[in-house]
Amino acid sequence: MNSEAKHTIESGKAILGIEFGSTRIKAVLIDQDYNPIAQGNHDWENQLIDGLWTYSIDAIWKGLQYCYADLRNNVKDLYDTEIESLGAIGISAMMHGYMPFNKNQEILVPFRTWRNTNTAKAAARLSELFNYNIPLRWSISHLYQAILDKEEHVNNIDFITTLAGYIHWQITGNKVLGIGDASGMLPIDPETKDYSSVMINKFNNLIADKGYDWSLIDILPKVLQAGENAGFLTEKGAKLLDISGHLKAGIPVCPPEGDAGTGMVATNAVKVRTGNVSAGTSSFSMIVLEKDLSKPYEMIDMVTTPDGSPVAMVHCNNCTSDLNAWVNMFKEYQELLGIPVDINDIYGKLYNNALKGDADCGGLIAYNYFSGEPVTGLAEGRPLFVRSATDKFNLANFIRTHLYASICVLKIGNDILFKDEKIKVDRITGHGGLFKTKGVGQKILAAALNSPISVMETAGEGGAWGIALLASYLVNNEKHLPLADFLENKVFTGKSSIEISPADEDVAGFNVYIENYKKGLAIEKAAVNFKK
C-alpha cells in the first residue's frame, strides 16, 4: 500500500478529473505531484434515435455514478480508505453538440452529439454570414438548424450548453464553460477571450423576425479561462456524484472543458508551435498557432487552448471503430478454435504484423466511416473495404490498410496546414487508443503527417488526467504561472517520451495510399447512396 497516496486521499488533497468519452467515462485521482493514484471507469454507448446520435439523461447520470463508484471501490481496495473530500474536481466531455433546456432545467430535445451531421444547411449559412468556418457539430449550427427546421422547442429555450457544461451546471449551479469548449459553441474573439460580439449581433439580426423572447448571449454559458473560479460542489452535486453519501460539498470545481482541451493539457501541447493528435473512436489534431491562417477553410476548425490561445483543429468523426470491429472478428475466430483470448495480445500481434506489410498496403483501401465525415463531404457513412483481384491481399496489408484508414481524413486536413499554410510545429504528441500498441500507430501517424511523433508515458491516462491537471491548476498554482509554464515547469518536468521520425519509404507509401483513397471516395459515396 502507498501510504503517501492514502494520506493524500484522507487529507482531502487528492484531485479528481472525470471525462465523458464516446465509449467510456473515466475518472482519475491524482496526488500533489500530479501522478494518478486511482482510477474508475464505466463503458457506455451512444444510441441512434430518430436519425440522431444521442445519450439519454439517465445514461449520463448513471454513467457518472457508476464511474465514481468504481473509483471509490478501487480506492478502498488499494488504500483501505474512503473519499470524503477532495482538493478540486474537473469535468470534461466530448465537445460541441447541443443540449437546450427550458426554465425548469428540463432538456427540450435529446442531447445531440458531435457525431450528428444533420446541420449542413445551417453550418453553410453561418459560415458565409460570419466569414468563418462553422462546423456541423458546433452548438450554434445545431441551434440554427433547429430554427431552420421550425422545431417547436426553440421557443422555450432558456439555456444551451455542452455535455461538460451540463454536468458542471448540475453539480455546482453555475452556467459556465471553459474557453476551449466554449469555442466549439460559438467563435471566440482572441482579444476579449469571450464569444465574438460581432457574430452574436449578426446571429441576432439573422433571427430577429422569428420573435423569440431570448437573445443569443443570454442563453449561452459564461466563458472562463483555465485557473478561473468556476464554483464549488453543492450538496445536490455531491449526492449526484457519490450516491453513497460520503463525499462532502464545498470542493472547488475548475471550468469544465472539452476533450480537445484536456488532450492538449495531457500531452503538454498548449504552447505556441506545439500540437497533439488524439486518436480513438474519433480523431482530431490540435496545432497551437503563432499566426492566423490566411483564410477560412471548411476542413479546419478554429478553437482555443484552455487558456485562450488560437488553435487549428482538424476533427474526424471516425477513427478506430471499424479497426476494432475487425480485430474483434479475429478474437471470435480464436474463441471458435478454443484458444484462450487476450484481446490486448491480439491487437499487439495484428498491429506489429501490419508493419511487415507493403508501405502502400498493396493496393488495398478501407473507409472507416461508421458515421458521416464532414471533412470528406459525407453526411452518412458506410464502413467499406475495397480491393481488386490483382492487389496484394494478405493479413499484414489488410490490417495495415485499416490502420491507414483510421488517420486518412486527419491527413487530408493537416495537409492544408503543413503544405498550404506552411505552419511550423516544434512537437506533435499522440495519445489515445490507437497508440496503445507501442510504436505502431505512432509510426504510421509519423508517415501520414511526415513529422516526428512523440508519445508520452503519461498520455495513456488521457483526458481525465488532463482535466485533473486543470483542476490542480485552479488550486495549486501559487505562483500564478501561465498554463503552459505550469505544465512545462511543474507537471511534465522529468516526464519521458518516445519520439519516432517518419521513414522515407513509409511516407512515400502513405502518399500513394492517400491518392488511391481520394479516388476511391466515389465508391464510398455510392455505398452511402445504396439503401438496403
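The values are calculated or read from the model by the stated rules, or taken from the named source; none is laboratory data. No experiment lies behind these values; they were computed from the predicted model shown. FYI the Cβ positions are ideal-geometry reconstructions off the backbone, even for glycines, and counts take in every protein chain you see. Note: accessible area is taken over every heavy atom of the protein model, side chains too, but ligands, DNA and RNA are not part of it. Shrake-Rupley method; radii C 1.70, N 1.55, O 1.52, S 1.80 Å.
Details
- Per-region count, segment 190-208, residues open to solvent by 30 Å² or more (accessible area, probe 1.4 Å) and at pLDDT 95 or above: 11
- Of all residues making up segment 397-418, the number that are open to solvent by 10 Å² or more (accessible area, probe 1.4 Å) and not β-branched (Val, Ile, Thr): 3
- Test: residue in segment 377-394 that is part of a helix (DSSP H, G or I), among the aliphatic types (A, V, I, L, M), farther than 17 Å from MET313 by Cα and at pLDDT 95 or above: no
- A single member of GLU524, GLU478 is out of contact with any helix residue (DSSP H, G or I) (no Cβ under 6 Å at 6 or more places or on another chain) and open to solvent by 50 Å² or more (accessible area, probe 1.4 Å), and it is GLU478.
- Qualifying residue in segment 419-436 (condition: of a type in the set (A, V, I, L, M, F, W, C), more than 17 Å from the chain's Cα centre (by Cα) and open to solvent by 10 Å² or more (accessible area, probe 1.4 Å)): yes
- Entirely in segment 444-532, the helices (runs of 4 or more DSSP H) that have 2 or more residues that are over 23 Å from ASP307 (Cα atoms): 504-519, 521-529
- The residues of segment 345-389 that are among the aliphatic types (A, V, I, L, M) and within 28 Å of GLU298 (Cβ to Cβ), listed by number, are ILE365, ALA366, VAL375, LEU378, ALA379, LEU384, VAL386.
- Top-ranked residue of segment 486-509 - restricted to ones that are more than 25 Å from the chain's Cα centre (by Cα) and among the hydrophobic types (A, V, I, L, M, F, W, C), ranked as most open to solvent (accessible area, probe 1.4 Å): ALA508
- Criterion (closer than 21 Å to ASP194 by Cα, at pLDDT below 95 and among the charged types (D, E, K, R)) met by exactly one of LYS295, LYS291: LYS291
- Screening the candidates TYR66, TYR55 for the property of being open to solvent by 60 Å² or more (accessible area, probe 1.4 Å), in contact (Cβ under 8 Å) with a residue 24 or more places away in the chain and of a type in the set (Ser, Thr, Tyr) yields one hit, TYR66.
- A search for C-beta distances below 6 Å between a residue of segment 463-483 that is within 16 Å of ALA164 (Cβ to Cβ) and any residue that is open to solvent by 20 Å² or more (accessible area, probe 1.4 Å) and assigned to a helix (DSSP H, G or I), counting only pairs 6+ apart in sequence or on different chains, returns GLY463/ASP259.
- In segment 74-99, the residues that are more than 18 Å from TYR34 (Cα to Cα) and in a strand (DSSP E or B) form Cβ pairs under 6 Å with partners that are open to solvent by 10 Å² or more (accessible area, probe 1.4 Å) and at pLDDT 95 or above, at six or more places apart or across chains, as follows: TYR98/ARG112; MET99/TYR166.
- Only listed residue being touching a strand residue (DSSP E or B) at 6+ places or on another chain (Cβ under 6 Å) and closer than 30 Å to GLU373 by Cβ, chosen from THR281, THR304: THR304
- Residue, farthest from GLY165 (Cα to Cα), within segment 1-44, restricted to residues that are open to solvent by 60 Å² or more (accessible area, probe 1.4 Å) and among the acidic types (Asp, Glu): GLU4
- Residue match in segment 46-53 (condition: within 15 Å of MET94 (Cβ to Cβ) and of a type in the set (S, T, N, Q)): yes
- Close pairs from segment 10-26: first assigned to a strand (DSSP E or B), partner basic (Lys, Arg), Cβ under 7 Å, at least 6 apart: GLU19/LYS26
- Test: residue in segment 85-96 that is open to solvent by 10 Å² or more (accessible area, probe 1.4 Å) and not aliphatic (A, V, I, L, M): yes
- Summed over segment 397-426, residues that are farther than 17 Å from VAL386 by Cβ and part of a helix (DSSP H, G or I) total 12.
- A Cβ distance below 7 Å, combined with a sequence gap of six or more or placement on separate chains, defines the contacts here; from segment 420-438, residues that are closer than 12 Å to MET286 by Cβ reach residues that are basic (Lys, Arg) and open to solvent by less than 100 Å² (accessible area, probe 1.4 Å) in the pairs VAL425/ARG273.
- Contact map, segment 208-226: residues that are within 30 Å of HIS480 (Cα to Cα) and in contact (Cβ under 8 Å) with a residue 24 or more places away in the chain paired with residues that are of a type in the set (S, T, N, Q) and in a helix (DSSP H, G or I), Cβ distance under 9 Å, separation 6+ or inter-chain. Pairs shown: LEU220/SER139.
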